[in-house]
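Visitor: One structure, as structure tokens, below. Some questions next.
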Amino acid sequence: MTAAIAAGRREMDWLGVCVLGSVTALAGGSVRDVLLDNHPLSWVERPYLLGVTCGAALATVALARLMPRLRHLFLILDAIGLAVFTVIGCRIAANLDLPISVVVASGVITGCAGGVLRDMLCAEVPLLFRAELYATVSVVAGIAYVGTIYVGLGESFALLAALVIGLALRLTAIRFRWSLPKFTYVRD
């Protein structure tokens, strides 16, 4: 949905909407899997995912006029998506018996890379680098997932803890406009 809205702001045609939607939704997992040498890629193994992402992007075109009224719902769904994709990335890396730092990084890549590519394709500085906490939320959710498993509370509890912590932190960051300190360089 974020991709479809970004495509609309750039006056892309419907194919552009579908491509940008698919890249945004599937790139995080694809980048993760390429880096981890985990094949086949999810959308190659399950090509229907391309149809799902294109369908969601085109549905957003139909609902675009309602977006201002659905802004809060949209932000909640985006926060849920960040937490869910982070956990998926962590689980995949954990199942490959990779080190904890790689497991967390895999979650962050899965949760954030699609949005970075979306913004780059739209010639924007990625939201990840300029707005409320986003990648930081993914890191914290990934650490919550790994930490919960490490202390022996089990996979189900780890999933729930990571999702709740990630969602709560992202929504709080949006509400209070929390962000990391900015670096500003002014030439003398």
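Visitor: If packing is taken as the mean number of other Cβ atoms within 10 Å per residue, what is the order of 2-10, 146-154, 62-70, 129-137, highest first? Show your work: numbers first, answer last.
Guide: Working: 2-10: 20.6, 146-154: 14.2, 62-70: 11.2, 129-137: 18.6.
Per-residue Cβ counts within 10 Å, averaged per peptide and sorted highest first, yield 2-10, 129-137, 146-154, 62-70.
Visitor: Take each of the peptides 36-44, 163-171, 117-125, 78-86, average the number of other beta-carbon atoms within 10 Å over its residues, and list them starting from the highest. Show your work: numbers first, answer last.
Guide: On the way: 36-44: 13.7, 163-171: 19.7, 117-125: 15.4, 78-86: 22.2.
Most protected by this proxy first, the peptides run 78-86, 163-171, 117-125, 36-44.
Visitor: Once you keep just the Cα pairs under 8 angstrom separated by 6 or more residues, what percentage relative contact order results for the chain? Walk me through the numbers on the way to the answer.
Guide: Working: 241 pairs, mean separation 40.8, N = 188.
With pairs under 8 Å counted, the relative contact order is 22 percent.
Visitor: Mean residue ellipticity at 222 nm from the helices of the chain, using -39,500 (n - 2.57) per DSSP H segment of n ≥ 4 over the full residue count, to the nearest 500 deg cm²/dmol?
Guide: Only helices count here, giving -24500 deg cm²/dmol.
Visitor: Given the Cα-Cα distance of R69 and D37 and 0.36 nm per residue of separation, how much length would full extension add, in nm? Each step should come with its number before you reach the end.
Guide: Values: separation 32, 0.36 × 32 = 11.52 nm, distance 4.22 nm.
Extra length available between R69 and D37 comes to 7.3 nm.
Visitor: What does the charge count near G21 come to, summing +1 for each Lys or Arg and -1 for each Asp or Glu among other residues with Cβ under 15 Å from its Cβ?
Guide: On the way: positive: R9, R10, R118; negative: D13, D78, D119.
Its environment carries a net charge of 0.
Any read-out appearing in this document is the output of simple, stated calculations on the displayed coordinates, not a laboratory observation. Given the structure is predicted, the values throughout are model-derived calculations rather than measurements. Neighbour counts run over all protein chains shown; Cβ positions are idealised from the backbone, glycine included.
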